[in-house]
Amino acid sequence: MLDLTGREVLFVGGGWETEAKVRGLLEVGAKVTLLSPHAHPGLEPLLHEGRLRWLRRGYQRGDLAGFSLCFAHPRERSLHALIAQEARERGVWLNAVDDPAHCDFILPAVHRQGELVIAVSTSGAAPALGVRIKQGLAQAYGPEYALYLQLLRSLRPLVLQSYPHDFEARKAAWYRMIDSPALERLALGEVEEAREILLAALYHQHNASASTSAPALASASALASETPELALALEVPS
């Protein structure tokens with residue numbers, strides 16, 4: 001995955017997906033310069049908010065100077081070849097929308113739930129199929145996964161503290177937690193029960209649906225006093 005936070009990106013726009021793609025780049029933190037002489041009403045507020053730089057003209061040779069990443073989506077697809085030529089001369093990575101022959105990289109369809117990121121690509125053969133698969137993933141991996149990963153991340157210090165010198169024991173603890181019914185409880189909105197199940201699995205209690213033992217809570221509470229994120233996620237006294 002490429003971190004675009006704060007990176008200068010040139011978008012040669014005008015095509016029908018310009019608004020959606022520019023918004024997508026802004027959402028991941030890119031600093032976007034748009035080249036387009038066409039109207040994009042949905043982008044006007046972003047311009048006025050100072051989140052977007054917009055040059056209201058078409059592509060001209062030399063426009064890629066100073067950029068390391070460029071997206072090409074003009075209405076005139078014939079421009080792709082010219083943009084690609086300049087991109088290769090300048091060492092700029094180029095994505096030409098729906099034109100794999102002029103791409104240095106392609107964009108997968110991405111499904112996100114918090115820290116869960118699942119990318120699907122058809123290697124440019126049929127992007128619409130990638131979108132449909134992404135929609136299926138959205139049904140299978142719902143909002144409960146965002147909270148699930150938040151809880152699991154908060155437990156990382158506790159796992160390390162519990163098994164500080166035994167990698168195999170730490171690995172076994174992780175798989176016990178992952179294989180527990182905690183996720184199913186989260187899907188039902190039973191957050192507290194899910195926390196208890198994860199802690200029980202961490203300490204290898206055979207009845208993972210039972211309430212967490214006093215020693216487990218004591219260890220969690222002790223670490224939570226030193227780790228605010230854990231105290232917040234587990235809601236144990238600190």
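A straight line joining the Cα centroids of the range 113-164 and the range 1-69 runs 28 Å.
When DSSP assigns beta bridges and you keep just the ones with both residues in the chain, what percent turn out antiparallel, to the nearest 5?
Values: 5 of 21 bridges.
Antiparallel bridges: around 25 percent, rounded to the nearest 5.
Per-residue surface analysis assigns residue 145 an accessible area of about 50 Å², computed on protein heavy atoms at 1.4 Å probe radius.
Just the Cα atoms of the chain, one point each, no solvent: what log10 I(q)/I(0) does Debye give at q = 0.09, 0.14 Å⁻¹? Normalising to I(0) and taking log10 leaves -0.57, -0.90.
Could you sort 115, 27 by accessible area so the largest value comes first, with the probe set to 1.4 Å?
Details: 115 105, 27 145 Å².
Largest accessible area first, the residues go 27, 115.
Output the peptides 6-13, 149-156 sorted from most to least packed, where packing is the average of other Cβ atoms within 10 Å over each peptide's residues. Before the final figure, lay out each step's value.
Numbers: 6-13: 20.6, 149-156: 17.1.
Top of the packing list down: 6-13, 149-156.
D by Stokes-Einstein for the range 92-208, Kirkwood Rh over Cα pairs, 20 °C, 1.002 mPa s: 129 µm²/s.
Tell me, rounded to the nearest percent, the portion of alpha carbon pairs in the range 82-157 spaced more than 17 Å apart.
Values: 1663 of 2850 pairs.
Of the Cα pairs, 58 percent sit more than 17 Å apart.
If only the Cβ of Lys and Arg carry +1 and only the Cβ of Asp and Glu carry -1, the dipole of the chain around its Cα centre is close to 760 debye. Measuring nothing but protein heavy atoms, the accessible surface of the chain at 1.4 Å probe radius is 55 percent carbon and sulfur.
Report, to two decimal places, the Cα Rg of the range 1-106 normalised by 2.2 N^0.38 Å (N = number of residues).
Values: Rg = 12.6 Å, N = 106, 2.2 N^0.38 = 12.9 Å.
Here the Cα radius of gyration is 0.97 times the empirical estimate.
Averaged over its residues, the chain has an accessible area of 55 Å² per residue, based on protein heavy atoms and a 1.4 Å probe. Spin-label pair residue 93-residue 81: with each label point 7 Å from Cα along the Cα-Cβ axis, the two points sit 2.7 nm from one another.
Straight-distance candidates among the lysines for linking to residue 134, with alpha-carbon spacing under 23 Å and chain neighbours fewer than 8 residues away dropped: 21.
The values are calculated or read from the model by the stated rules, or taken from the named source; none is laboratory data. As the structure is a prediction and not an experimental result, all values here were calculated from the model. Here the Cβ is made from the backbone with ideal geometry for all residues, glycine too, and neighbour counts use every protein chain on show. Heavy atoms of the whole protein, side chains included, go into the accessibility calculation; ligands, DNA and RNA do not. Shrake-Rupley method; radii C 1.70, N 1.55, O 1.52, S 1.80 Å.
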